[in-house]
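Please read the structure below before turning to the comments.
Each value in this text was obtained by applying a stated rule to the coordinates, not by laboratory testing. All values reported here derive from a predicted model rather than from experimental measurement. Cβ: placed from backbone, ideal geometry, glycine included. Neighbour counts: every protein chain shown.
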Amino acid sequence: MLALANQKGGVGKTTTAINLAAGLAERGLSVLLVDLDPQGNASTGLGVGYDARRQGTYALLMDDVAMADLAQDTEIPGLKIIAADTELAGAELELVMMDRREFRLRDAITRAASGFDVILIDCPPSLGLLTLNALVASDGVIVPLQCEFFALEGISQLVRTVDRVRRAFNSDLHVAGIVLTMYDRRNNLSELVAADARSFFGEQVMETLIPRNIRISEAQSHGRSVMAYDGRSSGAMAYQALADEVIARNGLKTPRKKKARA
Ligand code: ADP
Ligand code: MG
């Protein structure tokens, strides 16, 4: 289970959650995306608009509804989503009063014996109880980092939070990768941020660079993955490469491709 987290907004968490999930599903893995952001952009971005929302993450966290009853199909084979229901905005406060408040998501997922190969969690832009629930439930955190001024600011706070969660709640937790997003090769700043990130975080920085590409944001507004929207775009190719890198780094097993018989 992997959480997409960074307490900064607008850095590419949701975009990466959607397209990485789609890329992993294209490789034959069975994938669940959990939309843990009350804004619900991952749900909308996968075509589950407000009208199509049934019970979702709130019911999972607060009402002990079974995961299997909440996972909805998407247009992409192999990819299901637990959408952000409208009550999720209240969860951050309501969780404060609950028993095992940091463990609600982990408990819900452990109860389920889910049958998914990978679960991705799209976190809200904060380090509150929702994100904490994601970190306690996950094996790894993927941190999207936007290539712009001050990109690295705030990362140290996130890394400290990951360390704290590892010590207090979840000894498995580690940084599974930092993904540089909205990389613009015409802009020196992008290169500087990338170099800085690599010198600071070394191998934790993923090799795949996600370029700034208008097709990526267009796809989202159409409720589709960038691969489904424009498979030849630089964005689609980058997210496919990212899926391969995540598979390799996390030792995920993809089904063997069927060989054509002679
Ligand atoms: P977060 O979830 O971290 O708040 P988003 O994934 O929602 O960030 O991205 C913020 C905005 O930037 C969205 O409008 C999204 O469509 C756009 N965006 C994200 N990644 C790219 C990219 N690589 N190229 C172009 N636009 C992008
Ligand atoms: Mg988001």
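Each label point was placed 7 Å from the Cα along the Cα-to-Cβ direction; for residue 167 and residue 65 their separation is 3.8 nm.
DSSP assigns beta bridges within region 2-249; of those with both partners inside it, close to 5 percent run antiparallel.
Counting only Cα atoms, the size of the chain along its three principal axes is 51, 49, 35 Å, in decreasing order. What the Kirkwood sum gives for region 1-137 is a hydrodynamic radius of 14.5 Å, with every pair of different alpha carbons counted. A Förster distance of 35 Å, applied to the separation of the beta-carbon atoms of residue 187 and residue 55, puts the FRET efficiency at 0.20. Neighbour counts of C-beta atoms inside 10 Å place 169, 116 in the sequence 169, 116, starting with the fewest. Per-residue extension of 0.36 nm, minus the Cα-Cα distance of residue 207 and residue 97, leaves a gain of 35.4 nm for this segment.
Here the scattering of region 30-74 is modelled by Debye summation over its C-alpha atoms, one equal scatterer each and no solvent; at q = 0.15 Å⁻¹ the log10 of I(q)/I(0) is -0.34.
Pick out which of 57, 14, 208 has the largest mean-square fluctuation in a Gaussian network model of the chain, springs linking Cα atoms closer than 10 Å. Comparing 57, 14, 208 in a Gaussian network model of the chain, the most mobile one is 208. Net length available on complete extension from residue 89 to residue 73 is 3.4 nm, with 0.36 nm assigned per residue and the Cα-Cα distance removed. Considering only the other residues whose Cβ falls under 13 Å of the Cβ of residue 175, what net charge follows from Lys and Arg at +1 and Asp and Glu at -1? In short, -1. Here the spin labels are modelled as points 7 Å beyond Cα on the Cα-Cβ line, and at residue 148 and residue 214 they lie 1.8 nm apart.
By the count of other C-beta atoms within 10 Å, a proxy for reagent exposure, 222, 174 are ordered fewest to most as 222, 174.
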